[in-house]
Every structure is written in structure tokens, then in C-alpha cells.
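In what follows, a single structure is set out as C-alpha cells and then discussed.
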Amino acid sequence: MIQGLVFGLTATKKKAAPHEDADLGRLKAELLRTAKETKGQLGLYVKHIETGSEIAVEADKIFPLASVFKLGVMVETFRQVEEGSIALDERIELEPKHFCIGEGVLQYMAPGLKPTVGDLLALMIISTDNTASEMLWKRIGLQRVNMMMRELGLAKTSIYMPYRESFLMSMGVGPFRDLTIPEAARKWKGMSDMDRMKALNETERDSAGLSVDDFRQKYERIYGLKAEKKFKQQRVYDEVFDNIGTPREIGMLLEKILKNEVVSPKASKDMLRLLMMQKDETALSYLLSPDIPVALKSGTTAASLTNAAIIFVSSTSHVVLCTFFKKIEEGSFEKALEAEAKIARLVCDHFSRLR
């Protein structure tokens, strides 16, 4: 095991020597070769915290975040805990308006359950529970997460769409009920933020009486048990009706958590511990040695795979790695998953050789 695990630090950026630049160039070429077999668009951001060395490939392009958006909900929740707006032991009642299909166990619980804020954070991060994120996000305020992103200087990251409403709009609930998926996508792109919030509110009102069983069955009739039907149509929807960000900005958020720049050292430590416990078969860490701690959040949609991680190479060496794929062609998802894991291994191996 790595001794003296560092949960927060203040990094000192050092200028790379010429041979280090050459080594970094070779690493970048190797990473690109690794990703080449995946039929999809790659966005990559690598930063070694202690030296400031970076690799960026389309790192400022917009990508669907999938469940990586939960990083923003987590950070804003901890910020509100620190300011006293909510408490980790506060209980939130599970109501029909919270139920969301997809990942997580809360969707199978009966209304009336009252998990704590701390419980919901654990469920949202460790098991990427969609219902838990609904409950937290609607408690802290949908707009608060985006406001925090702007305060932190993340100009391209927009986290405003709960998954329940996203799923429901893709099923014809709300303002796009009479439109095809391509028509709805085009309309959404042209809407203002205010109009989008109105659309989300309308979707929530229209689904107020929908049971989670009916929700799940309707979705499966349209898209299949594992969303295997209508791949191309669902891909169009997922690319538009999702929270968005760039590999670099999500990497910046992780770096700020590591450096205690968004919350207190204690809260940062608590967040990193949660991220180290994530259980997700699509996470990029499965080729790394079990004794290398990785704080990460991963997510998938019909045609995207997103992984955002801090690799604790040693107690004095930390790497932020954001590997995003979008527009993955049908049948190429496993290749993207394998590529992300290989990239993580190459990056970890490279920086483990640095003194």
C-alpha cells in the first residue's frame, strides 16, 4: 500500500526539462495510438500535479458528462454543508418525483424512506445512484451547481439537467411530446437557459403521477432492457439532452478538490474517500494495481464514455486524468472501455518512473 496517502496539497509547478518534454511527447503519441482503435471522438486531459506537466487532446471541446456531472452535485452539497444551509445528518424524504431509472437501488425502495444527506452522497458517488442525485440536487437547488462552476472559472461546463427529466423527455413527456427526437434536439439547442428550465419544470409537472414501475416499463418498451434498441436515435438524444463539460475543466475541478480550493481540507478528504470507493465496471482503473488509490467518477450514455480521475501514483505524486469519448459507434463501446483503462495504465506507469 502507498504510505502517507495525501488527500490535499498545494502543488508547486516546476518547469519540465527538455528530456522530460520529449518523454511527455512519446507518452502522448502512445496514448493516441491506444485510442485509435476506438471508433469515436476522444477528449483527453492529463496533468501531473507536482510538476505541472500536461497532455491535452481536444481537451477544450464539449462532451456529454453522463454521471460525471455528479461531481458538481457532490461539491456543491459539501459547500452548502459548510455554510450551514444543510447538514450531513439531515433526512430527505423519498417522494415519487424523485424516482429515476438507470443506476442505483433507491428506485426500488418505497416512498417515505428518509435517507440522510450523507447517505445520499454515498449512494450517488459509490453506486452512481440516479435517484440519490435527484434528491440531493433538488434539495440544494438546480441552479446552484452551475453558479458554483462559474465561480470556479469553469466557463464551458453546464450542469443543469437532472437525469429523471432527461430520461422522461426522451420518452415524450413534457414539451417535446409531439416532436421526433431529431426535432426535439434541434429545438433544445436553440432554447435559452430560461426556456430550458421551463421545459424541465413542465416535464416534472407532467410526470408527477407516474409510478417508477410505469416509468421503467415505458423506457424499456422504447429503448430495451439495456437501452439496446434505437441506438442511433438515443445517441442523438443523449448528445444533446445531457450535462456537458470539457476534459480540461473537469480536470480543473478535480485538482481544486485535491488542493482544498473548493471546500475545507476535511470536506475535500471526505469527497476523495467517496470517490475512491466508486463501484463501476466502466471505470478506467481496472488495469491499475490494487494498491494504487484512484479517486474517480465515471459515466456512460448510449454513445459516450466519460472517466475523470485522480491517480495517487505515490504520496508525493498525483495525476489528474480525464478521458472522454463521444459519438462512439455501435459495437465500439468495449473498445472505448479498454482504451480508457490502457490509457490510465500508461499514464500511471509513466509518472511512477519520475523522481
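The values are calculated or read from the model by the stated rules, or taken from the named source; none is laboratory data. Values in this document were obtained by computation on a predicted structure and should not be read as measured data. Ideal geometry is used to build each Cβ from the backbone, glycine not excepted, and the neighbour counts take in all protein chains shown.
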Review point. Is one or more of the residues making up the stretch 152-162 in a helix (DSSP H, G or I) and in contact (Cβ under 8 Å) with a residue 40 or more places away in the chain?
Key: no
Review point. In the set Arg139, Arg150, Arg164, Arg177, which member is basic (Lys, Arg) and either surrounded by 20 or more Cβ atoms within 10 Å (Cβ to Cβ) or in the same structural domain as Ala308 (by TED's automatic domain parsing) (or both)?
Key: Arg164
Review point. Going by the conditions given, is Asp195 at pLDDT below 95, of a type in the set (Asp, Glu) and part of a helix (DSSP H, G or I)?
Key: yes
Review point. Within the stretch 112-121, is even one residue crowded, with 17+ Cβ neighbours inside 10 Å, at pLDDT 95 or above and under 25 Å from Gly209 (Cβ atoms)?
Key: yes
Check your understanding: Across the stretch 232-268, what is the number of residues that are crowded, with 16+ Cβ neighbours inside 10 Å and in a helix (DSSP H, G or I)?
Key -> 22
**Study point:** Cβ pairs under 7 Å, 6+ apart, first in the stretch 287-298 and in the same structural domain as Arg273 (by TED's automatic domain parsing), second of a type in the set (Lys, Arg) and surrounded by fewer than 22 Cβ atoms within 10 Å (Cβ to Cβ)
**Key:** Leu287/Lys342; Leu287/Arg345; Leu288/Arg345
Review point. Any residue at all in the stretch 124-140 that is at pLDDT 95 or above, outside any helix (DSSP H, G or I) and either over 20 Å from Leu275 (Cα atoms) or of a type in the set (Phe, Trp, Tyr) (or both)?
Key: no
Review point. Quick one: is Glu76 within 15 Å of the chain's Cα centre (by Cα), among the charged types (D, E, K, R) and either over 26 Å from Asp214 (Cβ atoms) or outside any helix (DSSP H, G or I) (or both)?
Key: yes
